Amino acid sequence: MRIGWPAGLAFGGDYNPEQWPEDVWSDDVALMRRAGVTMATVGVFGWSMLEPEPGRFDFGWLDRAIETLGAAGISVCLGTATATPPPWLVSQYPDVRPVTADGVRLEFGSRQGYCPSSPTFREHATRLARAMADRYGTNPAVKLWHISNEYGDHISECFCEVSEGHFRRWLADRYGVIGALNEAWGTRHWGQVYRSFDEVPAPRRMPGPGSPSHALDWRRFCSDALLDLMLAEKRVLQEVSPQLPVTTNFMSMFYSMDYWRWARELDVVTDDAYPDPADPHAHVDAARNYDLMRSLGRGRPWLLLEQAPSAVSWRPVNLPKPPGVMRLWSYQAIARGSDGAMFFQWRAPRFGSELHHSTMLPAAGPNSRTFREICQLGSELGALDGVAGGRIDADVAILLDWDNWWALDAEQSMPSVRMRWQAALRPFYDALYELGVTADFARPDDDLGRYRMVVVPNSYLLRESDAAKLADYVESGGHLLVGPFSGVVDEHCRAHPGGAPGPLADLLRVRVEEVWPLTEGAGVAIDLEGSGVEARIWTEWLRADDADVVARYRGGPLDGMPAMTRRVHGSGVAHYVSFLPEDATSILEPALHDAGVRATGRAAVRGVEQLVRGTKAASYLFLLNHNHTAATVPIDAPGTDLMTGAAVADAVELPGYGVAVVLRGAVGTRYEGEEA
Ligand code: GAL
């Protein structure tokens, strides 16, 4: 399906005209035009105004708002308005309110206050979605459906009896007979053998640690329950307006929803990204999240649907973005595959809990530095049409599996609460970033053959079938690097016989005899071909049976023992890293070199991110200076700096937080459906 917005990069933001008298709207649209806005997201929280009483719709205001935007040539990304149930629905059906793990039913008063499994909520939400689709599904200004908002943000799980019943049906579908569940969960432990699915509770607060298998299936269920709700709306929209693409906005690398399962249901992946200006590492995490968004869409362009023009209002201390940073971070998303840069939100509100959130048009009006920066960005993006649709080639894939994330981040009964998926990912992603290597994220069961190297920061949960795929990948020439605490349990959280790395033991030829987690502040030195690496958070008592030891622990109880191994298998290579490195660059650099992956970063200027995004017609080199000081960046091929129109030969000068987009010849891509 073609992405719905007009040619070029989308630029604009959430627009809530219902919060303003209509005589302000013409001013809004005039200023949007001045800023170069091409798309506005409308109606996301409009339910109580669109259906002020049960079954009585008032579309007048939305008709006029869409008409005003459309007349100005601004496209509409239209919310289905189901993100907040109206007060009448909640007071008429109090059971639609969600219940916490402690049994507290939450009051009305914020947003998203509904039980994901409530048939009442679903019925009313799909009824509204149908009314919206009937009314606006063929409106020429509407280009994209925006279903609900950030599923799982405030409420990702509900423990009411309706949810519990839904969970039991979900389990019955999965296991068929209760004996299969007992077997999968190992309920003989602590005497939990169930006689029927009706005895299985939602994992509410319990006397002590619960079953990890129970917790894992609950997480899967909660993601599926919300997905089901989203699909119910999607079906209605597709039935009424099959020509319009649908999306729902993701929240970057978000724990509670298995975005692999979600993304395949969307015509376009969209993301809400709120990097913290107070965090010097924020741009690296943002790069990681954008790589994930691109990968969720299988390489297709995605869209940054929300970001803050400056400060947010939901952190304890909310720092504004210094001049230039909003522009820089917008280009970062575009460089990593976004076909636009959108914001939350257009005009500063006069009331409500987001009063102190920055806006494209601040309360101070257009004569303000944020609005000036917005106008600059809007006019620049208007001239970068050619970037839209461009792809990004990656030679490296990082394995991400939500089942593993949920199993590893279990709250109880683990060797260390410090060993978390994001903690395991961080050193490996950061090293790739520092080395200038672009990586995709991939599922274990994807076709990995097109990557020269696959990095598995951790796969505590590993299915036999996925391990077999990884072994095949290496056999046929792939380079694999597996991080610590991998191959421990199967898809039900049952230990693999023989211990870790379980089904990877044959490939890696190592055995983990014991895990040795480290306390906060503790580190262990690693001898790695002369370079110093330090282990943090995690080490292991490792036996290398038939693999080359490339690094050993130095000092501490594991002194002299193998820390990292390498083994040639078939025409590929498999590495095992038994610790979490503080910094993984000296681990990855030789492994990447071995795999034939070109790392451009080390030689370039620190803090300057470089990306190439290409279409069939042209290739665009993005240079992003995350330093507040100026930088001179050498480039390896001449081109035209699209910001200045000047020809550049061998270097580009960037001011602090500066950006350059250099147009060069075409590059090939290797994505499905596209010829190189
Ligand atoms: C997002 C949400 C928006 C707005 C924004 C503020 O999570 O989708 O509606 O609340 O945060 O940062």
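General observations
- Exposure proxy for Phe45, Phe11: other Cβ atoms within 10 Å of each Cβ, ordered fewest to most, give Phe45, Phe11.
- Partnerless Cys - the chain, beta-carbon criterion under 4.7 Å: Cys77, Cys160, Cys222, Cys375, Cys493
- Residue by residue, segment 215-222 carries 3J(HN,Hα) couplings of 4, 5, 5, 4, 4, 4, 4, 4 Hz when phi is fed to the Karplus relation 6.51 cos²θ - 1.76 cosθ + 1.60 (θ = phi - 60°); x denotes Gly or Pro.
- A viscosity of 1.567 mPa s and a temperature of 4 °C, combined with the Kirkwood radius over Cα pairs in Stokes-Einstein, give a translational diffusion coefficient for segment 254-297 of 113 µm²/s.
- Under a 5 Å amide H cut-off, with hydrogens placed 1.01 Å from N, Val510 pairs with Asp545 among residues at least 5 apart or on other chains.
- The convex hull drawn around the Cα atoms of segment 486-578, when projected onto a plane and averaged over every direction, covers 6.8 nm².
- With a simple spin-label model that places each label point 7 Å from the Cα along the Cα-to-Cβ direction, the separation between Ala618 and Phe57 comes to 4.3 nm.
- Pairs of alpha carbons in segment 382-430 whose separation is greater than 17 Å (percent): 56
- Its residue count N sets the reference 2.2 N^0.38 Å, and the alpha-carbon radius of gyration of the chain equals 0.99 times that reference.
- Nearest-0.05 FRET efficiency for Arg188 and Val549, computed from C-beta distance (R0 41 Å): 0.55
- Label-point separation, Glu123 to Glu513 (7 Å along Cα→Cβ), nm: 6.4
- Computed on segment 14-100, with alpha-carbon pairs under 8 angstrom and 6+ residues apart, the relative contact order is 35 percent.
- Per the Debye formula on identical point scatterers at the alpha carbon atoms of segment 83-178, with no solvent, log10 I(q)/I(0) at q = 0.19 Å⁻¹ is -0.96.
- Taking 37 °C and 0.692 mPa s as conditions, segment 1-106 diffuses translationally at an estimated 209 µm²/s according to Stokes-Einstein applied to its Kirkwood radius (Cα pairs).
- The H on the amide N of Val533, modeled in the peptide plane, is under 5 Å from the matching H of Ile526, Leu528, each at least 5 residues off or on a different chain.
- Dipole magnitude (debye, nearest 20) for the chain, charges at Cβ of Lys, Arg, Asp, Glu: 520
- Integer Hz, Karplus 6.51/-1.76/1.60 couplings in order for segment 35-50, x for Gly and Pro: 7, x, 5, 10, 8, 10, 9, 10, x, 4, 10, x, 3, 5, 9, 7
- Taking amide hydrogens as placed 1.01 Å from N in the peptide plane, the amide H of Tyr255 sits under 5 Å from that of no residue at least 5 positions away in sequence or on another chain.
- Between segment 549-570 and segment 437-508, the alpha-carbon centres lie 19 Å apart.
- Estimated translational D of segment 226-293 in µm²/s (Stokes, Kirkwood radius over Cα pairs; 10 °C; 1.306 mPa s): 118
- Global size of segment 410-506: 13.8, 39 Å for Rg and Dmax (C-alpha atoms, Rg to one decimal, Dmax whole).
- Once both labels are positioned 7 Å from their Cα atoms along Cα-to-Cβ, the gap between Asp506 and Glu161 label points is 5.0 nm.
- Kirkwood Rh, Cα atoms: Rg over Rh of segment 162-279: 1.08
- Net lengthening on full extension, Arg235/Trp541 (0.36 nm per residue, minus Cα-Cα): 104.9 nm
- Grouping the Cα pair distances of segment 335-466 into 10 Å bins from zero gives a pair-distance distribution of 10, 25, 22, 25, 17, 3, 0 percent in increasing distance order.
- For the chain, the 222 nm mean residue ellipticity estimated from helices alone, with every DSSP H stretch of n ≥ 4 adding -39500 (n - 2.57) and the total spread over all residues, rounds to -9000 deg cm²/dmol.
- Set of lysines near Lys234 by C-alpha distance (under 28 Å), chain-local residues within fewer than 8 positions excluded: Lys143
- Each of the peptides 282-288, 473-479 was scored by the mean count of other Cβ atoms within 10 Å over its residues; in descending order, highest first, they stand as 282-288, 473-479.
- By other beta-carbon atoms within 10 Å, ranking Ser368, Ser252, Ser571 with the fewest at the front produces Ser571, Ser368, Ser252.
- On the basis of the beta-carbon distance and an R0 of 45 Å, Asp134 and Trp314 show a calculated FRET efficiency of 0.80.
Read-outs: derived from the displayed coordinates by stated rules, not from any lab. Computed from a predicted structure; not experimentally measured. Every residue, glycine among them, receives a Cβ derived from its backbone with ideal geometry; neighbour counts consider all protein chains shown.
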